[in-house]
Amino acid sequence: MTLYLRLCTCLLLLLVQGTSTVFSKDGYKLWLQYHPLEAPQKVQSLMGAIRVDGDSPTLAIIKTELQLAANGFLDKNLPLAFDHQEEAARLIISKQTPSGWDPSAKGSLGREGYRLLKNDAGVVWVAADTDIGLLYGTFKFLQLMQTGAGIPESGYHSEPKIQHRILNHWDNLNRTLERGYAGASIWNWHRLPDHIDQQYHDYARANASIGINGSVVTNVNANALVLTPEYLEKAAALADVFRPYGITLYLTARFSAPMELGRLPTADPLDPGVQQWWKDKADEIYRYIPDFGGFLVKADSEGQPGPHNYQRSQADGANLLADALKPHGGIVMWRAFVYSEDTPDDRAKQAYQEFQPYDGSFRDNVIVQVKNGAIDFQPREPFHPLFGAMPQTPLMMEFQITQEYLGQATHHVFLPSLYTEVLQSDTYVNGPGSTVSKVIDGSLHGYSLTAMAGVSNIGTDRNWTGHHFHQANWFGYGRLAWDPEISPETIADEWLRLTFTNAPEFIEPVKKMMLQSHEMAVNYMTPLGLHHIMAWSHHYGPGPWVTDRHRDDWTSTYYHKASENGVGFDRTASGSNALEQYAPELQAQWGDPKRVPEKYLLWFHHVPWEYTLQNGRTLWDEMALRYQKGVDEARQNVATWESLESYVDEERHAHVFSFLEIQAKEAAWWRDACLLYFQQFAQSPLPEGVEKPEKELEYFMGIRHRYVPGN
């Protein structure tokens, strides 16, 4: 056994031995609670006779995880042995195929797939082709035991549909976070590489338990210092922690690094000196981190340098880095969040205009990272028009897990509902059924490179994510990155059972609360297709009145265009014609205000206040009633959670309860501020059933929030 393996084993055993005293019910254990089972006899039989074949850091992690689970499931310390003879073992974890069982119909499982098998005698076999596959299979086995699902008689087979399943950390080297609302960055660069915080192991363990296999540990608004030897040594220490959990480390690359670090006079991607600098830098990085994953790049956006500085294309910029990484097997994730310094006629059109003409011009180790919508992580957006529009260039999805525009740390919004709404949207580019999920998993266009990214919501708060229920968004992102077809209902059910209890009296009302939470938030923030009406800069709270700033497309009035004549952004042929970027089937449907789904009405159309909707109400009345509906549901969530106090430990119940009260209070703030603002244009009374605001519009416009986290 190597020194590294012995160190890993000692650290993990300390974690096991200290579980009962180190962890309280404060949320630190996430969905890995391993709370006692109601009928533990079956699990005790399996845990009492285990065989784990092999010896590696990953297999050591598997053994420790089994010990943690046994202690929790059985509510006692039951020291496990892992070397039972095969004929005596009840739980076998091995890369060997069990004799007499023929899983060959499924073929090779690759690097990450696994099977769970059970014979007539009740012996369970976790089978995979690699140690990482065994780790994923072990986590799934333990999750099935915790939720009471058990292994189906026909076995359980799973392999990821997406290759690179990545968390993007918008974390700065000084431990501040951009759009982070759960404390400081967990990466303590000052102490690295000499001190490895236990939280780094816990982070990797949590990600491995849901199949996340990559981490970009630095902000897309990049600092070139991370590419210096001082910081590469620190990054290598993190990569050493991640590796046994199957997690690859990536870094963000600042496009101007050759000038800032190499003292070159230019960063022009076609300059031979610049090309050589990046090749030399890639060689250096791989000497520190042999399995380095590659670069994530934000260029030509919000002040970040890029190929536009040299009149070059986005393909020129991406290919520069791709050529440097290619000999080492690295990839470039080049973000499509690009817009010029000049205010456009429609911000929603810019990424498509910038990238679609260069389809097929990118190197084969470049994947373009596209936000789920064309504006910027709004509470609701139609899917980004680039999806389906670049058949020769792999595209990856970028979702936001942190809730920049959705109440930040205190509003409970179950994001898998949003993710699924986007993933199951039909692009129609190859006819009906050409969903965004099929673009992302590569099946629609035959991509050989597939990926999904989620902008992390993780910080140093003891429960990792600020709000306990925001853990479900991290969990749900991982599950959907593994399989984009999983339903939000399944994800919510799994997370609740793993995190709290299997009691149906708790599961059903809380699952309902989770599944309606996204629509609820859209209603009290931006109903009927309204978007980008948040407060200036920090985006905390309502600000539909924001106007006359240094960029029009950073203001609210640019998007809602409210006047006495109506409200909404006309993206049809009579307006910006952004609708032209979608397939003809969607142009026909979305271009007609009578056929467009009303959730997108004001996204694509400027509509009179007296316009009659499908239910017979005027636009103004429906808007007001939806704001009120969101408030009513937020208040109901407080009552629902309060009634379930007996099913949840006191600490977590109180914490969630206080946040739900904040959400209900702020939902009313959103309703009152927005309705008062828009009412001055609609010039109509509030309909029956909508509460009259207690303050005047001037009060809400005068609210100033300072030191908002994440800004």
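The values are calculated or read from the model by the stated rules, or taken from the named source; none is laboratory data. These numbers were taken from a predicted model, which means no experiment stands behind them. When we count neighbours, we look across all protein chains shown, and the Cβ atoms used for this are built from the backbone with ideal geometry, even at glycine. Quick note on the areas: whole protein, heavy atoms, side chains included, nothing else; ligands and nucleic acids left out. Shrake-Rupley method; radii C 1.70, N 1.55, O 1.52, S 1.80 Å.
Assorted remarks:
- In summary, Trp125 fulfils each of the numbered conditions (1) part of a loop (DSSP other than H, G, I, E, B); (2) on the phi < 0 side of the Ramachandran plot with the single exception of condition (1).
- Screening the candidates Thr420, Thr402 for the property of being over 17 Å from Gln587 (Cβ atoms), β-branched (Val, Ile, Thr), touching a residue at least 40 places away in the same chain (Cβ under 8 Å) and open to solvent by 10 Å² or more (accessible area, probe 1.4 Å) yields one hit, Thr420.
- Checking each residue of the range 489-500 against the condition of being surrounded by fewer than 21 Cβ atoms within 10 Å (Cβ to Cβ), polar (S, T, N, Q) and touching a Ser or Thr at 6+ places or on another chain (Cβ under 9 Å) gives no match.
- The single condition among (1) open to solvent by 10 Å² or more (accessible area, probe 1.4 Å); (2) part of a loop (DSSP other than H, G, I, E, B); (3) under 30 Å from Leu296 (Cβ atoms) that Ala81 does not satisfy is (3).
- If the condition is being surrounded by 22 or more Cβ atoms within 10 Å (Cβ to Cβ) and assigned to a loop (DSSP other than H, G, I, E, B), then the range 168-185 contributes His169, Trp170, Gly180, Tyr181, Ala182, Ser185.
- Candidate set: the range 678-696, residues that are outside any loop (DSSP other than H, G, I, E, B) and either basic (Lys, Arg) or open to solvent by 20 Å² or more (accessible area, probe 1.4 Å) (or both); chosen: the one nearest to Pro527 (Cα to Cα): Gln679
- The residue that is nearest to Gly329 (Cα to Cα), counting only those in the range 250-267 that are of a type outside the set (A, V, I, L, M) and more than 33 Å from the chain's Cα centre (by Cα), is Gly262.
- Selection status of Ala472, of a type in the set (A, V, I, L, M) and farther than 18 Å from Phe139 by Cβ: no
Residues checked against (1) touching a Ser or Thr at 6+ places or on another chain (Cβ under 6 Å); (2) surrounded by 23 or more Cβ atoms within 10 Å (Cβ to Cβ); (3) hydrophobic (A, V, I, L, M, F, W, C):
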site	(1), (2), (3)
Gln199	no, no, no
Thr248	no, no, no
Phe255	no, yes, yes
Asp268	no, no, no
Lys281	no, no, no
Arg287	no, no, no
Pro290	no, no, no
Gly294	no, yes, no
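- Failed condition for Gly373, given (1) assigned to a helix (DSSP H, G or I); (2) open to solvent by less than 10 Å² (accessible area, probe 1.4 Å); (3) among the small types (Gly, Ala, Ser): (1)
- Test for Glu87: is it free of Cβ contacts under 8 Å to residues at least 12 places away in the same chain, of a type outside the set (Ser, Thr, Tyr) and at negative phi: yes
- Lone unmet requirement of (1) farther than 19 Å from Asp342 by Cα; (2) out of contact with any Ser or Thr (no Cβ under 8 Å at 6 or more places or on another chain); (3) in contact (Cβ under 8 Å) with a residue 40 or more places away in the chain; (4) open to solvent by 40 Å² or more (accessible area, probe 1.4 Å) for Trp545: (2)
- Residues within the range 562-588 that are in a helix (DSSP H, G or I) and buried (at least 17 other Cβ atoms within 10 Å of the Cβ), tallied: 5
- For Ser456, the test of being within 30 Å of Trp495 (Cα to Cα), touching a residue at least 60 places away in the same chain (Cβ under 8 Å), of a type outside the set (D, E, K, R) and open to solvent by 20 Å² or more (accessible area, probe 1.4 Å) is failed.
- Residue within the range 661-674 that is touching a helix residue (DSSP H, G or I) at 6+ places or on another chain (Cβ under 6 Å), at pLDDT 95 or above and open to solvent by 60 Å² or more (accessible area, probe 1.4 Å) present: yes
- Boolean, Gly454 is touching a strand residue (DSSP E or B) at 6+ places or on another chain (Cβ under 7 Å) and either of a type outside the set (Asp, Glu) or assigned to a loop (DSSP other than H, G, I, E, B) (or both): yes
- Evaluation of Glu153 against (1) farther than 22 Å from Ala481 by Cα; (2) surrounded by 15 or more Cβ atoms within 10 Å (Cβ to Cβ) (one fails), failing number: (2)
- Residue pairs whose Cβ atoms lie under 9 Å apart, separated by 6 or more positions or on different chains, with the first residue in the range 625-643 and more than 23 Å from Leu686 (Cβ to Cβ) and the second crowded, with 18+ Cβ neighbours inside 10 Å and among the hydroxyl-bearing types (Ser, Thr, Tyr), are Asn637/Ser517.
- Residue list for the range 487-536, restricted to those being small (Gly, Ala, Ser) and closer than 17 Å to Ala149 by Cβ: Ser487, Ala492, Ala503
- Qualifying residue in the range 62-69 (condition: without any contact (Cβ under 8 Å) to a residue 60 or more places away in the chain, open to solvent by 20 Å² or more (accessible area, probe 1.4 Å) and in contact with a strand residue (DSSP E or B) (Cβ under 9 Å, 6 or more places away or on another chain)): yes
- Beta carbons closer than 7 Å, at least 6 apart along the sequence or on distinct chains, pair a first residue in the range 312-338 that is open to solvent by less than 20 Å² (accessible area, probe 1.4 Å) with a second that is among the polar types (S, T, N, Q) and part of a strand (DSSP E or B) for Met333/Gln369; Trp334/Gln369; Arg335/Gln369; Ala336/Gln369.
- A Cβ distance below 7 Å, combined with a sequence gap of six or more or placement on separate chains, defines the contacts here; from the range 518-542, residues that are more than 23 Å from Val422 (Cα to Cα) reach residues that are in a helix (DSSP H, G or I) and small (Gly, Ala, Ser) in the pairs Pro542/Ala673.
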